[in-house]
Amino acid sequence: MSEQDSSYSWQTLDRDLNRLSRLEVATMYAARPLIGVGLSLLFVGVAAIAAGLIVGQTPGALFVVVAAAFGAYMALNIGANDVANNMGPAVGARALSMAGAIAIAAVCESAGALLAGGDVVDTISKGIVAPESLADGKVFVTAMMAALLSAALWVNLATFIGAPVSTTHSVVGGVVGAGITAAGLGAVSWTTMSAIAASWVISPALGGVFAATMLAFIKWKVIYVEDKIAAARVWVPVLIGLMGAAFASYLALKGLKRVMSIDLPTALLIGAAIGALCTLVSVPLIRHQAKGLENRNRSLKVLFRMPLVISAALLSFAHGANDVANAVGPLAAIVYAQETGGSAAEVAIPVWVMLIGAIGISVGLMLFGPKLIRMVGNQITKLNPMRAYCVALSAAVTVIAASWLGLPVSSTHIAVGGVFGVGFFREWHAERRARMIQQARPPAQRVPSEERRRRKLVRRSHFLTIAAAWLVTVPAAAGLSALCYLALSFFPA
């Protein structure tokens with residue numbers, strides 16, 4: 001073979017290898033979603049096998065095994081959808097990387113579920129369906145399985161379309177659909193359901209108003225002053241203290257129920273003490289951090305970054321403590337029913353059931369969480385550390401206020417409502433400033449009002465998609481649950 005032929009063959013080989021390399025890259029990119037699905041199926045299978053080994057050959061063991069698979073599936077979906085509300089603002093504000101947010105959330109969610117998750121959960125979702133209507137053991141177990149599967153399917157669909165929804169409302173819809181199918185319309189407490197329906201409006205409205213109010217306060221007291229750094233030295237410790245008070249009260253109320261029962265006044269006293277301590281501790285820290293910073297808005301972001309990260313971690317801990325019951329509550333009820341032959345208004349959660357929920361939330365977050373984290377963090381409106389801090393603070397304070405007022409609220413709706421509140425406030429504020437600037441300009445240099453109205457700071461398409469998903473969550477989950485109940489009724493007892 002001549003030298004020219006040899007050179008040509010090597011060039012041909014290089015081109016072929018380049019084609020193969022591009023093909024491998026394309027194959028890996030296309031197969032990436034399948035890897036997540038495969039790992040999810042593996043986790044669901046492991047949960048079912050573990051449940052089978054634990055319950056052994058006891059009567060109704062098949063129901064427990066299938067319910068464990070459903071519970072694992074629901075936990076995966078909670079991690080994929082719900083956790084984005086806690087970490088999305090911090091990632092959108094670039095206070096955390098995606099990898100850092102997932103790592104912190106996975107640890108805090110698991111810790112919240114295992115350390116502060118309730119020993120006892122309401123199996124009939126807080127009086128939505130009368131327990132006596134599901135007194136028969138097989139009917140009760142079938143209804144709980146249908147509720148669990150339908151809620152998981154709906155949250156999975158919502159994650160696929162990019163809509164953060166309330167997993168609590170999904171479980172509520174599942175219980176309603178199964179209850180109606182099993183015992184008729186009279187089995188449902190429509191008074192309770194009307195209060196839940198009211199929370200569709202109350203939750204995002206409260207979260208949005210509080211987040212917008214906090215952002216207005218920060219603009220008034222810190223951003224639009226002559227010496228921004230001096231103002232930040234005064235007010236950032238106060239805001240950190242408010243955050244500490246809110247989260248201390250929140251965790252005392254919601255996260256310590258396994259250790260002790262704390263009423264609202266006691267929780268507020270604990271919060272006030274922790275808040276004062278946080279303010280005192282943060283004063284020298286903020287003063288040290290502010291040294292050498294330029295008197296500009298960009299410098300303020302540095303001072304809000306660490307409090308934002310801490311608030312996101314605390315939100316994840318509290319979420320794990322509370323919402324793990326959405327995945328494992330019905331499963332715990334099924335295990336109890338198979339052991340005793342009947343149903344109960346409240347049951348204890350076995351450790352192995354809690355582990356399925358805690359691990360499942362973390363696995364779902366790591367495999368599928370980035371999509372919703374990006375949606376909440378930077379696809380609804382642009383967030384910086386100050387705006388994101390307002391959202392996180394709003395989530396904690398609004399839950400405390402709602403508990404005090406006795407209002408049923410959704411933490412998902414509050415957090416996403418806070419993002420919308422910040423975005424719409426920015427729109428209003430930008431338009432107000434634009435009008436003032438317009439009035440000072442000659443008529444020939446003014447921007448037409450139609451052009452100003454087109455400059456939106458909140459994506460309307462996402463707003464409409466999320467609002468529609470919120471409205472249909474309960475009826476959609478109820479419809480799916482009715483179908484699941486009818487299908488599961490054919491299983492042998």
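Inspect the stretch 413-429 for any residue being without any contact (Cβ under 8 Å) to a residue 40 or more places away in the chain, out of contact with any Gly (no Cβ under 9 Å at 6 or more places or on another chain), surrounded by fewer than 21 Cβ atoms within 10 Å (Cβ to Cβ) and over 21 Å from residue 322 (Cβ atoms) and give the result as yes or no. Don't jump to the end; show me each part of the working.
First, the residues of the stretch 413-429 that are without any contact (Cβ under 8 Å) to a residue 40 or more places away in the chain: 427-428.
Retained after the next criterion (residues that are out of contact with any Gly (no Cβ under 9 Å at 6 or more places or on another chain)): 427-428.
Those left that are additionally surrounded by fewer than 21 Cβ atoms within 10 Å (Cβ to Cβ): 427-428.
When the remaining residues are screened for being over 21 Å from residue 322 (Cβ atoms), the result is 427-428.
Within the stretch 413-429, one or more residues are without any contact (Cβ under 8 Å) to a residue 40 or more places away in the chain, out of contact with any Gly (no Cβ under 9 Å at 6 or more places or on another chain), surrounded by fewer than 21 Cβ atoms within 10 Å (Cβ to Cβ) and over 21 Å from residue 322 (Cβ atoms).
Name the residues in the stretch 123-158 that are surrounded by fewer than 24 Cβ atoms within 10 Å (Cβ to Cβ), at pLDDT below 90, assigned to a helix (DSSP H, G or I) and in contact with a helix residue (DSSP H, G or I) (Cβ under 8 Å, 6 or more places away or on another chain), would you?
133, 137, 139
Can you say whether residue 290 is surrounded by 21 or more Cβ atoms within 10 Å (Cβ to Cβ) and touching a residue at least 60 places away in the same chain (Cβ under 8 Å), as far as the supplied structure shows?
Working: surrounded by 21 or more Cβ atoms within 10 Å (Cβ to Cβ): no; touching a residue at least 60 places away in the same chain (Cβ under 8 Å): yes.
Against the criterion (surrounded by 21 or more Cβ atoms within 10 Å (Cβ to Cβ) and touching a residue at least 60 places away in the same chain (Cβ under 8 Å)), residue 290 does not qualify.
Scan the stretch 149-174 residue by residue and report those that are over 16 Å from residue 323 (Cα atoms) and of a type in the set (Val, Ile, Thr).
Across the stretch 149-174, the qualifying residues are 159, 161.
Restrict the check to the stretch 305-317 and report whether at least one residue is within 26 Å of residue 57 (Cα to Cα), buried (at least 24 other Cβ atoms within 10 Å of the Cβ) and in contact (Cβ under 8 Å) with a residue 60 or more places away in the chain.
Keep residues of the stretch 305-317 that are within 26 Å of residue 57 (Cα to Cα), which gives none.
Looking for residues that are within 26 Å of residue 57 (Cα to Cα), buried (at least 24 other Cβ atoms within 10 Å of the Cβ) and in contact (Cβ under 8 Å) with a residue 60 or more places away in the chain, one finds none in the stretch 305-317, hence no.
Which one of these does residue 467 not meet: (1) modelled with pLDDT of 85 or more; (2) in a loop (DSSP other than H, G, I, E, B)?
(2)
Given the criterion at pLDDT below 90 and among the hydrophobic types (A, V, I, L, M, F, W, C), identify the matching residue among 252, 231, 216.
Values: 231 fails: at pLDDT below 90; 216 fails: at pLDDT below 90.
The unique qualifying residue is 252.
Could you tell me which residue of the stretch 267-287 is surrounded by the fewest Cβ atoms within 10 Å (Cβ to Cβ), considering only residues that are in contact with a Pro (Cβ under 7 Å, 6 or more places away or on another chain) and β-branched (Val, Ile, Thr)?
At the first step, the residues of the stretch 267-287 found to be in contact with a Pro (Cβ under 7 Å, 6 or more places away or on another chain) are 279, 282-283, 286.
Now drop any that are not β-branched (Val, Ile, Thr), which leaves 279, 283, 286.
Numbers: 279: 19, 283: 17, 286: 21.
This residue is 283.
Take the stretch 170-197 and flag every residue that is within 16 Å of residue 143 (Cα to Cα), in contact (Cβ under 8 Å) with a residue 60 or more places away in the chain and either among the charged types (D, E, K, R) or part of a helix (DSSP H, G or I) (or both).
Across the stretch 170-197, the qualifying residues are 170, 171, 172, 173, 174, 175, 176, 177, 178, 180, 181, 182.
The values are calculated or read from the model by the stated rules, or taken from the named source; none is laboratory data. Source: prediction; values computed, not measured. With ideal geometry, Cβ positions are generated from the backbone for all residues, glycine too; neighbour counts draw on all protein chains shown.
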